[in-house]
Amino acid sequence: MVRFSKSINNLRSSEIRDLMSLAIKPDMILFSGGMPDNNLFPLQEIDDIYNNLTEEEKQIAMQYGPTSGIPELLGTLQEFLRKKGLPVDNNKLMITTGSLQAINILTKTFIDPGDTIVVENPCFIGAISAFKSYEAEIISVPLKANGIDLDQLRAAVNDEKQKPKFVYLTPNFHNPAGTLYSVETKLALIDILKDKNIPLIEDDAYSDLYFYEEDKPHLTTIKAMDPKGIDVCYTGSFSKILGPGLRLGWMLVPEPIYQKAELIKQAIDACSPSFTQMLAHKFVSSGAVYDYIETVRKEYKIRAEAMVTCLRKHLPQEITFTAPRGGFYIWLDLPKHIDSTEVLKRAIDKGVVFVSGKTFDPHGILNNKMRLSYCNTSVEKIREGIPLVAEAIREIEDFN
Ligand SMILES: Cc1ncc(COP(=O)(O)O)c(C=O)c1O
């Protein structure tokens, strides 16, 4: 009998993933994926970038690079982050193989099996899996309209018996909840975490994808606020602003944390792909990234608004949601007794898929929610698919 590690026994392929594999029919309408639309990738720009690389740049691209990232990208990314107000000068930047690797490395940096951490409920499934793979004990705190429940966060942080090793949050355009934390919530949580010796991992995969200019003041990241008395480990990604296939993300962290993280990354993969780092460097340094972000931001806003309009028209009144102000997702709140996996089964029969709520519950229980993503589906398909989702919900519970 093969003897596997205890930590791998904590990981299971979810029931949802199994259901999803049934749903890969060519004509299926997908509200399930958290990935950009293939049709939106800047293919011509990437062709031009590659074709215009010098021979020396192509050689760098083909070679191993430093663990922290190739100097070319580190330099341009620093400027990109500086423009977002991030404190790049008194922190260290590391390029990672997707920001999920940054989350993994930071977890390994802090966690021994059985250590407690605090996350939001719901929470990004990739992070939940990473935390479980290191055998963290997860305490989840509910996410409300303006951000994490501050009273419960305070209680969790002040629990001396199981003092958390870190707190992991996604304040800007949460996956799956779509939430944007208010500035007041960010300031209040800074106050709660100050001088507690509990680092904050701030996951910022989506803040460039805001829909409304007036929200810009709320998008200031906690890292950019540069709070004293908290080690903020900021993570970001090229996945939503260029392409997830590049597998490039980053962490911006205080120097002592960086030193440990670098040792871990050396052991994992020595360095992230130099090839895609070179492409990303050119894409950012030429300024093309800003035009591209502008384009996708507009497109995702059109799709989000189309989905909101359809949901308002077709959903039973009992189903509530907050219209997204950025990012990729709408999070539906169903009456307590409705099981969204049952709705999903009906929906798949009708030719449409979404992700049911318990996927994002760190404890795998809460299931009267569902995540609909609009990032990877045309307006036409959104208009076709939402009535089918509404129909599936009605079949599970007759609302009339
Ligand atoms: C909140 C959040 N963080 C991190 C990631 C990971 O992105 P990547 O590893 O592609 O950079 C995702 C991907 O969907 C995400 O939604």
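Remarks
- Order of I125, I105, I382 - criterion: other Cβ atoms within 10 Å of each residue's Cβ, fewest first: I125, I382, I105
- Using Cβ point charges alone (K and R +1, D and E -1), the dipole size of the chain about the Cα centre works out to roughly 540 debye.
- Straight-line cross-link partners of K282 among the lysines, defined as a Cα under 16 Å from its Cα and at least 8 positions apart when in the same chain: K58.
- Violating pairs (Cα-Cα greater than 28 angstrom) within the set K25/K358; K165/K298; K6/K260: K165/K298
- Largest GNM mean-square fluctuation across N51, N367, N146, computed for the chain with C-alpha springs under 10 Å, falls on N51.
- When the stretch 294-400 is reduced to its Cα atoms, the Kirkwood hydrodynamic radius in Å: 14.0 Å
- Taken one residue at a time, the phi angles of the stretch 233-242 give Karplus couplings (6.51, -1.76, 1.60, θ = phi - 60°) of 9, 9, 10, x, 8, 8, 4, 9, 10, 7 Hz. Gly and Pro are set to x.
- Length-normalised contact order for the chain - Cα pairs under 8 Å, 6+ apart - percent: 25 percent
- Which of I365, L30, I386, positive extreme of dipole for the chain (C-beta unit charges): I365
- In terms of other Cβ atoms within 10 Å, E135, E79 run from fewest to most in the order E79, E135.
- Where labels lie 7 Å past Cα in the beta-carbon direction, separation of E79 and N10 in nm: 4.2 nm
- For G249, residues with placed amide H under 5 Å, excluding near neighbours: T96, T97, G98, S99, F238
- Gained length - K350 relative to Q59, 0.36 nm times residue gap less alpha-carbon distance: 99.7 nm
- Pairwise centroid distance, computed over Cα atoms, of the stretch 289-361 with the stretch 72-115, Å: 30 Å
- Leading residue at positive end of dipole, the chain (Cβ point charges), from P122, G245, H314: P122
- Selection of trypsin sites (Lys or Arg not before Pro), the stretch 316-394, meeting DSSP coil and at most 13 other Cβ within 10 Å: K336
- Counting DSSP beta bridges with both ends in the stretch 59-287, the antiparallel % (nearest 5): 45 percent
- When Rg and Dmax are taken over the Cα atoms of the stretch 59-287, they come to 16.9, 54 Å.
- Among M62, I148, F110 - extreme Cα towards positive end, dipole of the stretch 59-287, charges at beta-carbon: M62
- Reach of K381 by Cα under 12 Å, taken over aspartates and glutamates that are not fewer than 8 positions away in the same chain: D27
- Cross-link table K108/K163; K313/K336; K345/K369; K163/K369, entries beyond 19 Å C-alpha to C-alpha: K313/K336; K163/K369
- Nonlocal amide H pairs with D115, under 5 Å, H built at 1.01 Å: E137
- For the chain, share of DSSP beta bridges that run antiparallel, in % to the nearest 5: 55 percent
- Backbone HN-Hα couplings from phi across the stretch 53-63 [Karplus 6.51/-1.76/1.60, Hz, Gly and Pro as x]: 5, 6, 4, 5, 5, 5, 5, 4, 4, 8, 9
- Gaussian network model of the chain, Cα within-10 Å springs - most flexible of M35, M370, M62: M62
- Ordered by the number of other Cβ atoms lying within 10 Å of each residue's own Cβ, fewest first, H218, H281, H363 fall into the sequence H363, H218, H281.
- Highest-MSF residue in the chain out of D208, D149, D349 [GNM, Cα springs under 10 Å]: D349
- With the convex hull drawn over the C-alpha atoms of the chain, the volume per residue is 157 Å³.
Each value in this text was obtained by applying a stated rule to the coordinates, not by laboratory testing. Predicted model only: the values in this text are computed from it and were never measured. Methodologically, a virtual Cβ is constructed for each residue, glycine included, from the backbone with ideal geometry; neighbour enumeration extends over all protein chains shown.
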